[in-house]
Amino acid sequence: MWYAQNPGRRTRQLAGDAAVLLWTALWTAAALVAYRLAVLLSHPGPDSGVASSWSPATRLPVVGDDVDAALRSVVGFVDAVDPVTLRATLAVAAASLFLLPIGLVLAVWLPRRVRWVRQAAAARELAAFANGRELLALRALLRPLDEVAATAAALPDATPGSLAEGWRTADPRTLDALADAELERLGLAPGPDPLGPLVAEPAG
């Protein structure tokens, strides 16, 4: 299960996934374009290099003699580099342009998505059994106090303390309310798992 059943949560997940895919596509295209341009600029023709278009008499306007000399050294070095070595260097640079921005996004986005998928799958499995719903109720009861108070506010005359007491005494109404709150927190439909009826936990 990759997406929530709650429309709002599912929309946010779809938007996030689309943004990551678009980000990946843009940086992939940028890396390819940068590599192609770098190769073309470094070797514009079969018999000419970058330095061939820069004669000793050529001077760059504005920059001083030191900068001009440094640029000449760089251009002369690039023109003298073996084409295979240069292309390998440019390939590494293009790969870095691809991997760094995409890797940073994936490092933040992917663990969160995988964690939600695992939690949602476990919650749906627990919701199919009576004992499993008790465990979901316990997880909801262990949430931060403001979330437990919000669950209690949805029930007449309920308080966080009464929810805890109802869980200890296995009150069906309290257990259902807590279990549904945990499912809703994950963006899943409340009630028994929609894939099957609520059944008792098998013995043994």
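No lab work stands behind these numbers, since they all come straight from the coordinates. Because the structure is a prediction, the values reported are computed rather than measured. Cβ: placed from backbone, ideal geometry, glycine included. Neighbour counts: every protein chain shown.
For the stretch 154-161, putting each phi into the Karplus relation 6.51 cos²θ - 1.76 cosθ + 1.60 with θ = phi - 60° gives couplings of 7, 10, x, 6, 9, 9, x, x Hz, in residue order, rounded to whole numbers and with x for Gly and Pro. Label sites at residue 147 and residue 108, each approximated as a point 7 angstrom past Cα along Cα to Cβ, lie 2.2 nm apart. Taken over the alpha carbons of the stretch 129-186 as equal point scatterers, the Debye sum produces base-10 log I(q)/I(0) values at 0.19, 0.22, 0.26 Å⁻¹ of -0.53, -0.72, -1.03.
Near residue 3: Cβ cut-off under 9 Å, other residues only, Lys/Arg at +1 and Asp/Glu at -1. The net charge is +1.
Order these peptides, 178-184, 93-99, 110-116, by their mean beta-carbon neighbour count within 10 angstrom, highest first.
Ranking, from highest mean packing down: 178-184, 93-99, 110-116.
Net charge near residue 151: determine it from the other residues with C-beta under 13 Å of the C-beta of residue 151, scoring Lys and Arg +1 and Asp and Glu -1. After counting each charged neighbour, the total is -2.
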